[in-house]
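Bear in mind these aren't lab numbers, they're just calculated from the coordinates by the rules spelled out. Keep in mind the model is a prediction, meaning the values are calculated, not measured. Every residue, glycine among them, receives a Cβ derived from its backbone with ideal geometry; neighbour counts consider all protein chains shown.
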Amino acid sequence: MAQAKRASSKKERRQESETLILAAAEKVFAEAGYGGATMQLIADLAGLPKANLHYYFPTKEALYRQVVEKIFQIWLEAADAFDKADGPREGLGAYIDAKMEISRRQPAGSKVWAFEVMHRAPIIQDYLETTLMEWTKGRAQLIQGWIEDGQMDPIDPQILLNMIWATTQHYADFSHQIEVLNGSQPLSDEQWNAAKADVKNIILKGLGVK
């Protein structure tokens, strides 16, 4: 029993340390990019010895990939609405809501992804060609099915996905610009709710969703 408790406690400490490191790394990579980030900067922000980072993540690239995969996994979970919905209003509406909320609560992760892709994905190109490609094909098939059922106007599913990504992730990637245009203040809860409602309304109406 005591041995099991020690093992459980060790696992919990490891998870806590990894969560702390990933949060710090996400912020440093978002602000400095992969090239400008250092393990020492991340360790300092996390409040841990640099050796602790190398214990959990042997290299900067390993840590970086974990940060990128973390935000992508969160985005994948947001897309669960597609599989559970009866049509585009529920599916796309819930997806837009979820993506907007992720941009609000985890903007640094989106910025890391954007920085990487804008530089032609030198670290995660393989991820784009496999995981992202497979996910996109699956969502495009669902959207095409809604089109064929007459639930929305014909449109290239990839263009629609590009539009949703560009709009929802704008609130994370260009958060500083949004705050400046909002009187140098973060959006309030009421403003976020209004933004989500307007984005959904514009996209769904444009798709002819009843």
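Some observations on this one:
- Acute angle (nearest 10 degrees) that the helix 60-78 long axis makes with the longest principal axis of the chain, alpha-carbon atoms: 30
- Cα-based Rg / Dmax (Å) for the chain: 19.7, 62
- Acute angle (nearest 10 degrees) that the helix 133-148 long axis makes with the longest principal axis of the chain, alpha-carbon atoms: 20
- Helix-derived mean residue ellipticity, 222 nm - over the chain, DSSP H n ≥ 4, -39500 (n - 2.57), to 500: -25000 deg cm²/dmol
- Counted by Cβ distance under 13 Å from Leu132, the other residues give a net charge of -3, where Lys and Arg count +1 and Asp and Glu count -1.
- Mean Cα-pair separation over length for the range 68-206, i.e. relative contact order, pairs under 8 Å, 6 or more apart, %: 33
- Helix 189-206 axis, angle to the chain major axis (alpha carbon atoms, nearest 10°): 40
- Protection-proxy order for peptides 39-49, 117-127, 90-100, 165-175, each taking the mean of Cβ atoms within 10 Å per residue, highest first: 90-100, 165-175, 39-49, 117-127
- Within the range 10-58, the ratio Rg/Rh, alpha carbon atoms throughout and Rh by Kirkwood, equals 0.97.
- Phi-based couplings in Hz for the range 95-105 (Karplus 6.51, -1.76, 1.60; Gly and Pro marked x): 5, 5, 4, 5, 5, 5, 5, 5, 4, 6, 9
- Partners of Lys210 within straight-line reach, counting aspartates and glutamates whose Cα lies under 12 Å from its Cα and excluding those fewer than 8 residues away in the same chain: Glu90, Asp153.
- Residue among Met163, Gln185, Ala94 farthest towards the positive dipole end of the range 68-206, charges placed on Cβ: Gln185
- Annotation: aspartates and glutamates with alpha-carbon distance below 13 angstrom to Lys27 (same-chain offsets under eight excluded): Asp44, Asp173.
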